[in-house]
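The values are calculated or read from the model by the stated rules, or taken from the named source; none is laboratory data. Since the structure is predicted, the reported quantities are computational estimates derived from the model, not experimental observations. As a convention, Cβ positions derive from the backbone with ideal geometry for all residues, glycine included, and neighbour counts pool all protein chains shown. Heads up: the accessible areas ignore ligands, DNA and RNA and are worked out on the full protein's heavy atoms, side chains in. Shrake-Rupley method; radii C 1.70, N 1.55, O 1.52, S 1.80 Å.
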Amino acid sequence: MKRLLKMLWKEYKIHLIIVFLCIIANAYATVQGTLFMQTLIDHYITPLIGQPNPDFTGLFYALIRVAAFFMMGVICAYAFSRIMVNVTQGFLRHLRIELFEHMESLPIAYFDRTSHGDVMSVYTNDIDTLRQLISQSIPQLTSSCITIITVFISMLTLSITLTCISLVMLCVMVYVSRKIGSLSGHYFVKQQNDIGRVNGYIEEMISGQKVVKVFNHEEKAIEDFRNINNDLRNSAYKANKFANILMPVTIQIGNFSYIICAVIGAILSISGVVGITIGTLVSFLTLNKNFNQPIGQISQQINSVAMAQAGAKRIFDLLDQKSEDDQGIVTLCRVEYVDGQMQETLKRTGHWAWRHPRTNGEIELVEMKGDIRLENVDFGYFDDRMVLHDLNVFAAPGEKIAFVGATGAGKTTITNLINRFYDIQKGTITYDGIDIKLIKKDDLRKSLGVVLQDTHLFTGTIMDNIRYGRLDATDEECIAAASLANADTFIKHLPDGYQTMLSGDGSNLSQGQRQLLAIARAAVANPPVLILDEATSSIDSRTEKLVQDGMDKLMQGRTTLVIAHRLSTIKNSDCIMVLELGRIIESGNHQSLMKEKKKYYQLYTGAIEMD
Amino acid sequence: MIKTLMKEIKQYKKDSILTIVFASIEVFMEILIPLLMAGLIDKGIEGKNMNEVIHYGILMFIIAIGTLSLGFLAGKFAARASTGLAANLRDRMYTHIQTFSFSNIDKYSTAGLVTRLTTDVTNVQNAYQMLIRICIRSPLVLICALSMALMINPELSMVFVVAVIFLVCVLGIIMRMAMKYFNDVFPKYDDLNESVQENVVGIRVVKSFVREKYEDEKFKRAAQNIYRLFVKAESVLAFNSPAMMLSVYSCILLLSWLGAKSIVGGSLTTGELTSLFSYTMNIMMSLMMLSMAFVMITMSLASARRISEVINEKSDLVSPENAIKTVKNGEIYFHHVTFSYQHGSQEPVLRDIDLHIESGETIGIIGGTGSAKSSLVSLISRLYDVDKGCVEVAGVDVRNYDLEVLRDEVSVVLQKNVLFSGTILQNLRWGNENATLEECQQACRLACADEFIERFEDGYNTYIEQGGSNVSGGQKQRLCIARALLKKPKILILDDSTSAVDTATDASIQQSFAKHIPDTTKIIISQRISSVEQADRIIVLNDGVVDGFATHEELLKTNDIYQNIYETQKKGKEDD
């Protein structure tokens, strides 16, 4: 919370000072208005009663003076609300952008360990609690505190005895509202848990609703639901009940204070012990009201402050996650050949090289060919549990290497290593002879084309999605890539062709079509090395053929590592590696492996499950 | 829409009415306090009468206690009424969803329904609470305070009337403008969240293509957009409290001026003037509250609409009256069936299907995606209704059966199948609640699921996580088959349900079917020739039309599509 306020302060120092001054001015105006009642009654009304020709000019000037105060109050109130709009929204914008930029810089490991729902809820729920806090709670609390202080001082000037009584009642009020507040807080937490349970239950049952239907399981489903629904109703009832009675209780305790002050004030005034005039009493009573009101407001804000605290904690948890670090020094650059010699250039020559600064200050250019080697690689997502053991893979430029094996053998893990989504614990991975740890991550990833198991598309047109591979690609280049990937035909049949809008991760396309787009996207990027993780979900043979054909065309002339989930597609690989429990147990081409009649043979003939 | 929701108040009508009654009485009592205070000042202090002071003091004290208890009760009943309404709404929606047909279910996404059942209901709950607590109370305060003021001094009260009209106009304009802007903001806000979601889910793609900067820029633009819209909307709202203060202050100034003259002139007492000051606050605050409540309620209207949409959704499949309650056998007829998901659409999914399947036959169905294999079988258990023609089971149109009976006898293992969190046994008993352990074991043996279940430490009591995430794809499919078998159906349909099972197990499942449930009609959809080649007859579907319907051998001779699939799938194996 402290950190949040500090951030806010740093960002909006001047704004906040102005707001603070406005709040003070506003509170001062209110107090002046109240104190004016005393003046009004004691100086301008009581003395004039019974006079034959009352003179109201004094009153007139007094009113003008008060009106000026009031005007100031109104203007300050507006200024402060208006400035707070900018502060709140500006701060939220700042926070959102910072969150997003930081999130984009986090390593894949973070996303693998954190549930998507949790990350999303930071952006929605937690930011919302902060909006509540900044736009309402903080100004409200500040103005309440200032009001209490100014009113308290004014009360002292009027009557010390009555002030003491008000103070005692205030303590009672604070005590009672804290008691009720903590009760309601307790049930709000319970309500939140119950909502979670209802949420989970509905989510599970509704996503399986068709199964519920074919099994005539509706009544049982309703019965279970009613139970947890009842629990939720009970906790919600209790939470709301206490929250609801908080308000009347504080208001009425305020009223008690008001009445007690009135009676005692009246008694004192009549007995004439201390000089209390009617004007003083009336003013004091109004002040008493103003004194008690903020307490009610504060107790209303307590809940949202607590919620914001939890929200801020989650936001900072995300912001404190360590970014992906990158100590790479080797970068990519375009080159041209002059007299058979490579030279750096800015021209689009279609030739690339690794720019490798040596320790002696010289810069070495290494042609980018697409030679990938994994040597004695050990890897585990956790240091104590290795997933891959002593892996050796050599892929010469243009070769196609396939990985096969049962679920959990570690196939997909390999894709995470070459582009450094995860770093290996032992061994080396080299790209064109350069250790990939030396290569800048951005450049390394640019040089690798990846088509993943689950295709993810982004909101935008189909053209935008293909262009994602290379932002400066022309429309023609995108269409060429699409036709290479066999995606051109289906795209043309869509009502808006390449301009068709995709939304919700491309949910309006079939699995096969999405995959074709992913291939086109990789084709536009035109990288020398490809990593293909085949789709697991069943697409029909015809589309599969299209996808396969597209992939084959894409693979031509590139080094390719294929994670195979279906064997028919990788028979023509230069080398097939059979993985089991993170080790390569067989390798060779299709013919030789079939002759060996070991694991690969069993997999191929369907004797063992692949997935 | 409102009517639909109001119907669900049901047993909480009493609580709602009590809330309103208590809140109203509370208002009357609260309004009395300033009046009594006037009495205390005028008769007590100015009259220097101690007894009057005590008298009024006690009276006010009693009223304050009364107000407190009324407020307490109103709060309690309001909580009960609103949370009760919320529970009723959830219940109503959920039970109604259970009556949805497949095409109803297709219309809504799971996430959409979950939001309606949770967030939207909470919004309505809050709005309803606001409605019964504030929306009755505030106008009452306004009216009572105004009439009290009129009673005290009609001329001076004209000040209030003018101020109220002024404030109502200003607040009205503010609300109208703000609502307009807010309506623009919310869809944009959803877009922003969607773009975050895309990045979270597709982070591997973003990083693989090194598009972090690009996404940052995109997000910045969206965030800037939201900022602009929100500032616009909220700066309108920023006029709210100054407008309110302006009215209050003007009232005070005018009352002071006119009041002073009246008191001096003898037509008003000092006490009465203080009461008028008190009523100023009451009146203006109630207007303010009302306008806030109005905004909240309008905002919840969208939620209310989404809820009533679900409640008013008509299930398009219902059991007929005098439904037939028994299914005699597993014979199936398709009479010139045409079907589309949007009835009457120009391009039907299935066209002129005319088939006859004998009871006890094993039928394979093969064809590409989009050839409508799943659609075809879903008509048998009447998950959807046909457009033209009719489907008969045991010689009776499926539309004449009781739905529950029909679906018990026609057991479908869906393509997208799910297991639910619970033990294996609990999951199996979905098929038959009263199945004994032996029956469950028997079904698992048939589905070749027994071998792996017995290898689990807890056997049949192994806990399955949500969505069956702790068993492999093949194991899940076999459990689903076992579950369907427990129904002891007359017709068993496997919709691509062995795709993740290895071929050897697949074959042995089919063998045990042939041996142990010979009288059950078995329909097997598959992408794999090996899964269907043992069937008595095989249907080749192509683009919603039956292209061939014969035995494996005949199809190999006569059917091009079948040959084609056979070639691509078998070629590899024959090479070796």
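Below is a table of values for the structure above.
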quantity: Convex hull volume per residue for the stretch B:416-540, taking Cα atoms only, in Å³; calculated: 99 Å³
quantity: Cα-centre dipole for the protein assembly as shown with unit charges at Cβ (Lys and Arg positive, Asp and Glu negative), debye to 20; calculated: 3980 debye
quantity: The stretch B:2-312, accessible surface, carbon-and-sulfur percent (1.4 angstrom probe); calculated: 67 percent
quantity: Furthest towards positive pole of dipole, B:479, B:498, B:517, structure part the stretch B:439-557, Cβ charges; calculated: B:517
quantity: Cα pair distances exceeding 20 angstrom across the stretch B:1-122, given as percent; calculated: 62 percent
quantity: Distant-in-sequence amide H partners of residue A:586 (H built 1.01 Å from N, under 5 Å); calculated: A:578
quantity: Angle in degrees between helix B:136-152 and the longest Cα principal axis of chain B, rounded to the nearest 10; calculated: 10 degrees
quantity: Shielding by other protein chains, B:270-282, mean Cβ within 10 Å; calculated: 3
quantity: Ellipsoid equivalent to the stretch B:303-454 - semi-axes via the Cα gyration tensor, in Å; calculated: 29, 23, 18
quantity: Tilt relative to chain A, helix A:160-207 - C-alpha long axis, 0 to 90 degrees, to 10; calculated: 30 degrees
quantity: The stretch B:82-231 - Rg over Rh from alpha carbon coordinates, Kirkwood radius; calculated: 1.17
quantity: Mean projection area, nm², convex hull over Cα of the stretch B:2-312; calculated: 21.4 nm²
quantity: Chains B and A, summed buried accessible surface - 1.4 Å probe, Å², nearest 100; calculated: 13100 Å²
quantity: Under 5 Å, built H, 5+ apart or other chain: amide partners of residue B:539; calculated: B:364, B:365, B:366
quantity: Highest-first arrangement of B:47-53, A:369-375, B:224-230, where packing means the average Cβ count within 10 Å; calculated: A:369-375, B:224-230, B:47-53
quantity: By average C-beta atoms within 10 angstrom, highest first, the peptides B:544-551, A:58-65; calculated: B:544-551, A:58-65
quantity: Estimated vicinal HN-Hα couplings, Hz - the stretch A:424-441 in sequence order (Karplus 6.51, -1.76, 1.60; Gly, Pro = x); calculated: 6, 8, 9, x, 9, 10, 10, 10, 6, x, 9, 4, 5, 5, 7, 8, 4, 4
quantity: Cβ neighbours within 10 Å from other chains - mean over A:91-104; calculated: 5
quantity: The stretch A:199-231-the stretch A:1-69 distance, computed between alpha-carbon centres (Å); calculated: 61 Å
quantity: For the stretch A:372-605: Kirkwood Rh in Å [reciprocal of mean 1/r, alpha carbons]; calculated: 18.4 Å
quantity: The stretch A:438-577: C-alpha gyration tensor shape, a/c 1.5 cut-off, then a/b vs b/c; calculated: oblate
quantity: Where N is the number of residues in the stretch A:160-275, Cα Rg divided by 2.2 N^0.38 Å; calculated: 1.91
quantity: Pairwise centroid distance, computed over Cα atoms, of the stretch B:409-454 with the stretch A:252-281, Å; calculated: 79 Å
quantity: Accessible-area ranking of A:346, B:276, largest first, probe 1.4 Å; calculated: A:346, B:276
quantity: For B:113-123, mean number of other protein chain Cβ atoms within 10 Å; calculated: 4
quantity: Convex hull volume per residue for chain A, taking Cα atoms only, in Å³; calculated: 269 Å³
quantity: Packing-based ranking, highest mean first, of B:500-511, B:187-198, A:238-249 given that Cβ atoms within 10 Å are counted; calculated: A:238-249, B:500-511, B:187-198
quantity: Fraction in percent of alpha-carbon pairs per bin - 5 Å, the stretch B:332-575; calculated: 1, 6, 14, 18, 18, 16, 13, 9, 5, 1, 0
quantity: Cα centroid of the stretch A:470-505 to Cα centroid of the stretch B:233-262, whole Å; calculated: 62 Å
quantity: Probe 1.4 Å - accessible area at residue B:281, Å² to nearest ten; calculated: 80 Å²
quantity: Helix-only [θ]222 nm of the protein assembly as shown, DSSP H runs n ≥ 4, -39500 (n - 2.57) each, per residue, nearest 500; calculated: -20000 deg cm²/dmol
quantity: Bins of 10 Å, starting at 0 and running to the largest distance - Cα pair percent for chain B; calculated: 3, 12, 16, 17, 14, 12, 9, 7, 6, 3, 1, 0
quantity: In the stretch B:232-320, the trypsin sites (Lys or Arg not before Pro) that fall in loop regions by DSSP, at most 11 other Cβ within 10 Å; calculated: B:314
quantity: Using θ = phi - 60° and Karplus 6.51 cos²θ - 1.76 cosθ + 1.60, couplings along the stretch A:380-392 (whole Hz; Gly, Pro as x); calculated: x, 5, 10, 4, 8, 10, 7, 9, 10, 10, 6, 8, 10
quantity: Between helix B:212-237 and chain B: long-axis angle, C-alpha atoms, 0 to 90°, nearest 10; calculated: 30 degrees
quantity: Residue B:316-residue B:359 FRET efficiency (beta carbon distance; Förster radius 41 Å; 0.05 resolution); calculated: 0.90
quantity: Cβ-placed point charges (K, R +1; D, E -1), dipole of the stretch A:46-161 about Cα centre in debye, nearest 20; calculated: 440 debye
quantity: Dipole of the protein assembly as shown [Lys/Arg +1, Asp/Glu -1 at C-beta], most positive-end residue of A:403, B:403, A:22; calculated: A:22
quantity: Cα centre as origin, Lys/Arg/Asp/Glu Cβ charges: chain B dipole, Debye; calculated: 2360 debye
quantity: Alpha-carbon Rg/Rh ratio, for the protein assembly as shown, with Rh computed the Kirkwood way; calculated: 1.07
